[in-house]
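Below is one structure; the comments refer to it alone.
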């Protein structure tokens with residue numbers, strides 16, 4: 001939202017329909033991610049056996065179990081997401097001027113979607129699902145989540161750039177303070193990875209009570225995933241210090257965009273994540289609360305990506 005800048009090259013601005021479609025694709029991908037978390041949290045990852053992309057070797061499921069329905073639904077929605085992102089790529093190239101930055105992020109969205117599908121297929125083929133305690137599962141999950149967050153970032157940037165009325169053409173933008181943008185993305189990525197490992201520990205080694213959970217967290221005989229659960233809140237606390245600094249910096253900059261409203265939104269989402277994290281610990285991470293916590297994290301991530309883009313990519317006129 002521009003307050004003081006005259007639009008740069010306003011010819012061939014993306015249509016309102018394209019902008020709505022881009023945000024809609026982002027929302028759909030978040031829904032698919034949440035359903036994937038439900039697959040992990042309910043141990044339904046082996047619901048289709050070791051077959052991929054077919055489910056139990058067939059397309060039509062006869063008298064499926066609940067786990068099979070959950071996993072099969074995730075595969076169907078993931079397949080639809082691929083066609084959605086390809087449609088977004090085509091429409092972005094057809095509906096924007098040459099050099100529009102959204103074209104690059106739309107291409108990145110397709111690339112990360114293909115990688116996401118490949119990682120999902122390997123997850124099944126390697127048997128890293130359900131209650132698998134393979135030593136490969138944790139690093140593989142970290143890789144999978146990193147790609148997922150980068151995919152969300154690419155989709156968020158595509159929708160954001162399509163919605164800009166200034167500073168969206170290559171050669172007409174100035175890169176300001178790239179360290180701030182890169183550091184904010186890396187910091188939140190690390191928080192996300194530690195959170196995914198903590199969630200995996202809760203799934204594989206559920207605690208019977210809050211007291212038992214604390215004892216297991218610091219017991220030398222516990223699995224390393226359990227002993228490392230404390231790293232997520234610790235890393236999240238340290239990251240919040242950096243993010244608050246980022247929000248103060250963003251709120252103080254009035255040109256070319258007034259970031260005060262977006263900074264306030266990020267701060268509210270950050271506080272909400274802390275509340276959900278505390279509830280997650282207090283109630284021993286029930287599935288529904290894990291999903292809500294992840295939803296808040298995805299929305300917070302998208303908001304931070306937009307804020308980082310506003311701080312980093314500015315119109316030449318503003319620079």
Number of the exception - residue 140 against (1) at pLDDT 90 or above; (2) farther than 29 Å from residue 256 by Cβ: (1)
Meets criteria (outside the structural domain of residue 43 (by TED's automatic domain parsing), modelled with pLDDT under 90, surrounded by fewer than 16 Cβ atoms within 10 Å (Cβ to Cβ) and closer than 29 Å to residue 167 by Cα) for residue 223: no
Residue in the stretch 41-60 that is at pLDDT below 95 and in a helix (DSSP H, G or I) present: yes
Subset of the stretch 105-129 that is touching a residue at least 60 places away in the same chain (Cβ under 8 Å) and out of contact with any helix residue (DSSP H, G or I) (no Cβ under 8 Å at 6 or more places or on another chain) - its residue that is surrounded by the fewest Cβ atoms within 10 Å (Cβ to Cβ): 125
Sole exception among (1) closer than 30 Å to residue 166 by Cα; (2) without any contact (Cβ under 8 Å) to a residue 24 or more places away in the chain for residue 257, by number: (2)
Filter result for the condition that a residue is buried (at least 19 other Cβ atoms within 10 Å of the Cβ) and in the same structural domain as residue 310 (by TED's automatic domain parsing), over 207, 234, 153: 207
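The values are calculated or read from the model by the stated rules, or taken from the named source; none is laboratory data. Quick caveat: nothing in here was measured; it's all calculated off a predicted structure. Heads up, the Cβs are rebuilt from the backbone with ideal geometry, glycines too, and the neighbour counts pull from every protein chain shown.
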